[in-house]
Every structure is written in C-alpha cells, then in structure tokens.
Amino acid sequence: MRSQLIRRSTRHAVSGLVVFVSLTASGATAQDIATLPRAAAMARTSTPDWLVPTGGMELAPPAQAEAMIETDDCLGADVCYDLSLRYVDGTFRNPSFPEDDPRGFDDVRLRAYAGLVLDDTGAPVAQNTPFVAPVVEIAPGDTFRLTFENELPRPGDMVLPGEAANGGPLRCSGEPADHNTPHCSSFNLTNVHTHGLWVSPLGNSDNVLLTVNPGIKFTYEYNIPNDHPTGTFWYHAHRHGSTAPQVSSGMAGILLIRGNRQPVLGAGGWALPGDLDVVLPRPGVGSYNVTFPERTMLFQQIAYACRWTRAQLNALADGGTAPDALPAVGSIKTDPATGNWICDEGDVGGVEPGPVSAFDQLTPAAWPASGRYTAINGGIQQEQPGAVAGRVERWRLIHGGVRETIGLQIRKVESQPAEALRTRLADSAEGRERAGETVDQFCSGEPIELVRVATDGLTRPDILTGSEVILQPAYREDILVSFPSEGTYCIVDAESAAQADINVNDNDSAILGFIEVAPAEAPLEGGGGADHVLAMLGQSISETITDPAARDAALSDLADGRLDAFVKHRDIADPEVSGHQTVGFALNLNPTGVAFEIGTFVPTHVSNGAPFALVNAASYEATRIDRVLPLGGVDEWTLSSFGSIPVGHPFHIHVNPFQIVEVLKYRPDPGCPSAEGAQGCDIDPNDPSTYIDVSGPDGIEPQYAGFKGAWKDTLFILPGYLVKTRTRYERYIGDFVMHCHILDHEDQGMMQNIRIALPDGKGGFDRPMTEHGAHSGG
C-alpha cells in the first residue's frame, strides 16, 4: 500500500515519497534510507533541477500524479501545503516492560500536526508516525504557502484531569493574571515557527507573536529569498504559554531547503558560495559515481503521562464519574517502588495540564522521572535500515525535543550476538535504570568517527571530526558517516555529566536505535573512518564542481579541512562591528517561586570571584520591546548564565544567525585544584588574561569545542562562561523574539521581544505613520 499525503495545488500534487520527483520523470526515483515521518508531497507550479532524478537504483515505485481540485489559495505560490492540528490516538513502545507485556506499549492521545493520507484506493489510512509532522522540502526562491487549521477544542471545552464540584467534567476556565504562569487556557492556542529560516518575522510569515485559536484556519506565506542557505531546518509550535506542552506532544517537523548552486570563485576568493548539496548528491539525483544516501533524524522527548483510563476519560466527557471511581484527582500514575511514571492496561497517556501545576509533566525532574526514551522519527529503539559498510551517508540530525541533552555516538555490537541485543530490547524490562548496563554489555565497540560538515543548517567553515556529537534542544548537525565493517551498530545517547545536561542530571547512556550494516561493496580506503569519508568527499568535489578553477580551490580547501566554498555568511571582522549587546539568563528563587528572567550584565570591578553582575533582569512582557536594533547594524553579543539556580540555557534568536567569536571560561571548575578532572584551575575570575577560550577544535569544554567561526541560531550558555557572538541585521525589519530553548523556561518568561527598525537618519528609528501625526524630512 502506497500512501499519499494530499496537498492542494493550482496544478498538481505528487505521491508522498521522501524525495520528491518530477511528475514527468520516468524510471527510478530517489529516496532517503532513513525511516522518516510521512513526507509531504510538494505541490509545485514548476520543478527545480534538484528534484529531477537522472539515474540511480530504483528504491520505490515511481511517483504518480494525484488529481486535485484547483483553488485560489495556491495562486502565486511555488509550494503549498495543508496542515491541521488535532488530537491523534496512537501507541508508544515503553522499554520499561517486555513487548509481550500489556504495559510494553502505551496508548496515548496527543496533539499532533496531521494531514489527510490516502491509500491507492482513495481510502484514508493512518500515518506511520502520527506524532511527527510531515517532512517539508523547499528551495531558495520558493514562495512556500502553508494553510494551517487549529482543530483542537476551545479552552472552555477542554476536559481536564480532575472533577468539578458538582461531579461533572472539570473544564478549563479563566486565564492567569500573569501570562508567564502555566495555565490550561493556553494549551490549545498555537502558531507555527520555521526554526532557522532567514525570512521576514512580520504578518503571515514567520510571526510567532500571533495566535491561531481553536477553530481558526490561517495561511502562512514564507518568501524564501534566492540567496537563502540550503540546509537542515525544522518547524514547530511557538505560541507563548503552550510551546513546551505542544512540542512535548510531538508538534514538530523536518524542514529541508535543497539547492544546486555551484560555488563561484572570484579574484580574491569565493565570490558566491555554493550549496553543500552539490558535492553531497543523493542516489538518483544526478548521474555521479559518488553519492551520499541521507538519513534525516528528528529526536524528540514525548513527555506523555497517564492519569486516568480511557473509560474514565470517556465517562467524564459524557457527564461525570463517581469520585470513588477515580484515582487522586489528576495525579500522574507512578510506580511506588521507583517513582517512574507508569501506564496501566487501559490507560491513555497525554500531555495535559495538571491539577496543581499545569506544567507538572514539564519540570526539570519530570523527564528523568518519566522513564521515557528519546524517540527517533517517532519510534523508540527502532532499527534504521539500509546501511552498507564503506558507503558514506549524510545524516541530518535535528533535536526537536524539550528536556534531554543528547550525546550521540555510534558503537558496534561486539561482545554479544546482535540477536541477543534484539532479544534484550524486546523481551526484557529495559527501564532507564538499566539502560547504561545494556549499552556497556552489548554496544562495546569503540565509537566510530563522525565528520561534521554543518551546524544548525549552515555549512561549517572547517570540518570537525570526533566520536560524539552533542545535541542540545533545537540543535541541528549534518554529519558524514561511514561504517568501517559489516555488523550491528547501536545509536547511543552517551552518558553526560550534570553540568552538560539541561536537567542538571548525571545521565547514564542509553540505546536510541540500531543499524544493521551490510558488507562493503569494495575495499575501503582509509579503513572506513574519517580518512575514507574525506577521500569520498574529494572524489565528489572533483566530479560535481564544473568550473576547473573552483574545483581546484575547493579541493585545496578540503586538504586544509575547510569548506569555505559552501559557507553562506562572510566572517564578521572587528571593523564591521557597530554595537554591543549583553544577555544574561537567570533562574532566580523568590518568595513566590522561581522567576525565569533575561537581563543584561556589567563588570562588577570587585575582587570577589564574581566579576559580572546581572542587571535589569525581568520576565517576558508581551507589550514590551526589550531591544531595538538598527537595520544594517552589526553587533557583538556577549552571553552568560547567572541566577540562584546555576544551570545552562540554550540561547535561540529568530531571523538572523550569529557567528561564534570565542567562548571564554572565566571560572575554574568546582573542586579546583584537588578534584579529579577539574579544569581551569589557574583561572582567576578577576583577571581576564587568565580566561581560557574553549571554542577551538581542541577546547577543553566539549559543549563548545570546534565552534569558533561557525554560524548558528542556537547555542547552550553555561554558567561561568562568556560566549561572544556577532550578527548582522540584514534585510528584514520587524518584531520577533529571542529566548531559552528549554521551552518550559520560555513559556514561563525566559524570552524577550526584539525589534529591528529602519534608522531615521537623525540618530533614532523610523516609526509607522499611525504612531504620529506627520513625518518631517531629514
């Protein structure tokens, strides 16, 4: 059965394959090898070259046209999609119990992005990954139109996990006095954010300051500029107050921008950057001897909990349940022995407001206590198919979750038979408390080398090789992977120290999935590791770059470990900087609880070991513009984390990416000088000359090693570090946000409004005519 995700178009739609092909193409089609969510078929008014396969092995039936009713909604657009938000029923594997135990699979009802999926007969069918949104693929220069409908219940119609005083259903009522207070009234309000795209933040573009209420249909239109970088991006819910519970339900999707622009060499270097896709062609797209199959992986933490059974929920909706038939009102079911969340047979898990705290499923302690596992493309500990030893694959990694730091490694199963691992995962109780034991017992091979070529969707200037890739929430990494030999390999979330983890926990390692690798098709150059990967990349550059001078320059760069020919943004040198910003994140205890704040910081000029002080810290206020920045300006931003609760925060800013200049460690590790493994013990916080830059390739802090010079849109900000970045305010004006990407922090106030404004030529900024009576000339 071949399913089709229906999309409206003025002309046509195509079948829901992972890679989209021309309707006029015949023969083989190209397809990714990962187990992906259902791919959205692009409704196009024209077909770019990179969509047309010209050869390669047939991996799927040819795409077929689906007749569509023409509407005016898609007129003038290149790509159109329909997307609905609704409750969806499904199941999740719970590795805490064997597969044949009734508790081995949990029933859930979650908010999810959905589209109509039909089989060959036109009958509706369930999506294979119902809690992961469809894959979107577009190109530079596209007008991308998304018609989005919120089909969730209105707040007043929500049935909550509790019971009203009259014995009837408990309904959501009222609104909080402070919009940073979690409340049931926000859970079903939403919007859509295209994370990492360089597009306008205004109107019906990437505007996260609007709300799509239940019952409302709204059409977004994203005008992707012709010079937009290609890369790995994603989209997700972003309405303040509901972002965390909705993304924790799985409301996130993969967004890829593909292109075929050749790099252009000028007299003084690279005049125009090319697309990394050019030298990483997929099988079936172009006729090349060297190709790079893709795996796109969306990592999510679906934080569902069970409170009542399906029968109890249905009875409540029908008019009430006797109080003595209910458990403690709305409490999360837990195992008395371990404290882990459990779902009994007949229960239905969800992400819903709790009876005391609406975010009781979204606290720092909640995810570890849940016993849940990070999902890859909606699956728990699933096999990823199609690998061959020696074949270089491009992995697009997207952290689309909320409450987990992932240290991704790939390790071979060596000390035990592969079938024993499968039996262990299927037949044994694999709770998180045993996860590290399983990794040690089965995944005992050394981690293979991973070659990092892009971060947050943007090509790295220098190639970074290592055995682990750290993914904080919202991070993306493009890596090249080659398996050195046949066998079974584990996809592992490596153990991490408390400081490196967003939950401030010492995490044991865990298996997120595994891969069966077939024998190599030919002897491996360089033993299948990083040398082999770089050799294959060199062969591809020789074959795919058409201009001889550009080809030679790109090969010369590669010999130096660099990819400058494919870096969209120019380095920001000192003379270009026109202003400075400081950002301090803080969790502060106060008499009423915890304040989630952002402020600025200044030197204290006091020799007390605390050389910087947070000032003007405040929680989010929707009507306040916190920073007004000039269009055309270039600022250096210095960021750090403070507060009475010393934790790190992933900084994310919309619209314009930033370049990392340096990351200075300004405090020695706790326990210096005697504690084992303590670093930076010679640092004097009051003497900047002793600070250590940890952002180079050999930096002592793994969070930052190799990020110097890279462009990103999200970066983890640890306490005790000064993170210096630079950014240009290019092309787009308007209001948007920056925030902590621990999304429950953002929902509770760790966010600021930013305005990029047009200078008025008189030292200030232009204002709309609606804000004053008349304009005067300069």
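The values are calculated or read from the model by the stated rules, or taken from the named source; none is laboratory data. All values derive from a computational prediction rather than experimental measurement. Quick reminder, even Gly has a Cβ in these numbers, built from the backbone with ideal geometry, and neighbours come from all protein chains shown.
What to note about this one:
- Members of the range 695-717 that are in a loop (DSSP other than H, G, I, E, B) and in contact with a Pro (Cβ under 9 Å, 6 or more places away or on another chain): Ala705, Gly706, Lys708, Gly709, Ala710, Asp713
- Residues of the range 266-308 classified as of a type in the set (A, V, I, L, M, F, W, C) and surrounded by fewer than 21 Cβ atoms within 10 Å (Cβ to Cβ), total: 5
- None of Phe707, Phe765 is over 25 Å from the mean Cα position of the chain (by Cα), touching a residue at least 12 places away in the same chain (Cβ under 8 Å) and under 30 Å from Pro229 (Cα atoms) except Phe765.
- For the range 518-534, residues that are surrounded by 17 or more Cβ atoms within 10 Å (Cβ to Cβ), part of a helix (DSSP H, G or I) and over 28 Å from the mean Cα position of the chain (by Cα) total 2.
Table: residues versus (1) buried (at least 21 other Cβ atoms within 10 Å of the Cβ); (2) within 27 Å of Val402 (Cα to Cα); (3) modelled with pLDDT of 95 or more.
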{"position": "Val655", "(1), (2), (3)": "yes, yes, yes"}
{"position": "Ile660", "(1), (2), (3)": "no, yes, yes"}
{"position": "Lys665", "(1), (2), (3)": "yes, yes, yes"}
{"position": "Pro685", "(1), (2), (3)": "no, no, no"}
{"position": "Thr690", "(1), (2), (3)": "no, no, yes"}
{"position": "Tyr732", "(1), (2), (3)": "no, no, yes"}
{"position": "Phe736", "(1), (2), (3)": "yes, yes, yes"}
{"position": "His739", "(1), (2), (3)": "yes, yes, yes"}
{"position": "Leu743", "(1), (2), (3)": "yes, yes, yes"}
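- Any hit, the range 357-364, residues being at pLDDT 90 or above, touching a His at 6+ places or on another chain (Cβ under 7 Å) and within 30 Å of Thr459 (Cβ to Cβ): no
- In the range 372-396, the qualifying residues are those that are of a type in the set (D, E, K, R) and in the same structural domain as Ala518 (by TED's automatic domain parsing), and the one that is nearest to the chain's Cα centre (by Cα) is Arg396.
- You will find that of Thr194, Thr190, the residue that is farther than 30 Å from Thr592 by Cα and at pLDDT 95 or above is Thr194 and no other.
- Comparison of Pro591, Pro575, Pro548, Pro603 shows that the only residue that is over 26 Å from the mean Cα position of the chain (by Cα), more than 22 Å from Gly648 (Cβ to Cβ), of a type outside the set (Gly, Ala, Ser) and modelled with pLDDT under 95 is Pro591.
- Answer residue from the range 419-434, given it is at pLDDT 70 or above and over 14 Å from Gln381 (Cβ atoms) and is surrounded by the most Cβ atoms within 10 Å (Cβ to Cβ) among those: Ala420
- Subset of the range 115-166 [among the small types (Gly, Ala, Ser), over 22 Å from the mean Cα position of the chain (by Cα) and at pLDDT below 90]: Gly122, Ala123, Ala126, Gly156, Gly162, Ala164, Ala165
- Test: residue in the range 168-180 that is closer than 19 Å to Asp82 by Cβ and either of a type outside the set (Val, Ile, Thr) or modelled with pLDDT of 75 or more (or both): no
- Selection within the range 472-494 - at negative phi and part of a strand (DSSP E or B): Arg476, Glu477, Asp478, Ile479, Leu480, Val481, Thr488, Tyr489, Cys490, Ile491, Val492, Asp493
- Inter-residue pairs, beta-carbon under 6 Å, first over 18 Å from Gly401 (Cα atoms) and in the range 484-506, second in a strand (DSSP E or B) and charged (D, E, K, R), 6+ apart: Gly487/Lys412; Thr488/Glu516; Tyr489/Lys412; Cys490/Arg411
- Within the set Val628, Val647, the sole residue that is over 30 Å from Leu265 (Cα atoms), β-branched (Val, Ile, Thr) and modelled with pLDDT under 95 turns out to be Val647.
- Tally of residues being closer than 17 Å to Phe514 by Cβ and either not in a strand (DSSP E or B) or not aliphatic (A, V, I, L, M) (or both) across the range 444-467: 5
- Taking the range 234-288 as the region of interest, the strands (runs of 3 or more DSSP E) fully inside it that hold 2 or more residues being under 21 Å from Leu298 (Cβ atoms) are 252-257.
- Remark: Gly215 falls outside the filter, which requires a residue to be crowded, with 22+ Cβ neighbours inside 10 Å, among the small types (Gly, Ala, Ser), outside any strand (DSSP E or B) and touching a residue at least 12 places away in the same chain (Cβ under 8 Å).
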